[in-house]
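The values are calculated or read from the model by the stated rules, or taken from the named source; none is laboratory data. A quick note: this is a predicted structure, and the numbers were derived from the prediction, not measured. Cβ atoms come from the backbone with ideal geometry, glycine included; neighbour counts cover every protein chain shown.
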Amino acid sequence: MSSPTVFWQNPLRQALFWACVVMAGLTLGFGARSFGGLLAAALILAIGIVTTTTLRLEVTQDAVIARWLPTRSVSSAAITAIHVWPYYVRFLDKDGNAVMRTQPGWGKKQLVEIGEALGVPVYDHRTLLGLSQKEAGTLMRRPTRS
């Protein structure tokens, strides 16, 4: 069994988490003189934890495992294409059905590397800095230096 190729999402998510922790701490320090202040601090911390949990994608010869909430796994042979949309990434089978869907957060280089590790094409459906979408995806290629 070969060791998995692991892809982590953007580290800025972790920075956002720690910003939420600091905000919760400040809320507790300055405004938690009531039950509402404690509730606000707990809510800020919960939002930080849920929104910044990092997705870890492991690619092996046998399977693709997405470790997040919850952990999902699919056979590597079942994936024939990857489509990147503004709010999710879909791994498709030969019939065009989604066998796995994950949250976005990888850069272009990482997405191309994931496609190369699986031996499948990666199509980008994002436009306008990733905020809107287009129906016909653009084939992503490894960036070249000029």
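See the values below:
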read-out: Within the range 80-130, tally of residues that are at pLDDT 85 or above, under 19 Å from Arg56 (Cβ atoms) and of a type in the set (Val, Ile, Thr); value: 7
read-out: Whichever residue in the range 56-103 is of a type in the set (Gly, Ala, Ser) and in a strand (DSSP E or B) and, among such residues, is nearest to Gly115 (Cα to Cα); value: Ala81
read-out: So Arg142, is it modelled with pLDDT under 85 and in a loop (DSSP other than H, G, I, E, B); value: yes
read-out: Hits in the range 47-74 - residues which are in contact with a Cys (Cβ under 9 Å, 6 or more places away or on another chain) and either surrounded by 16 or more Cβ atoms within 10 Å (Cβ to Cβ) or modelled with pLDDT of 75 or more (or both); value: Gly48, Thr52
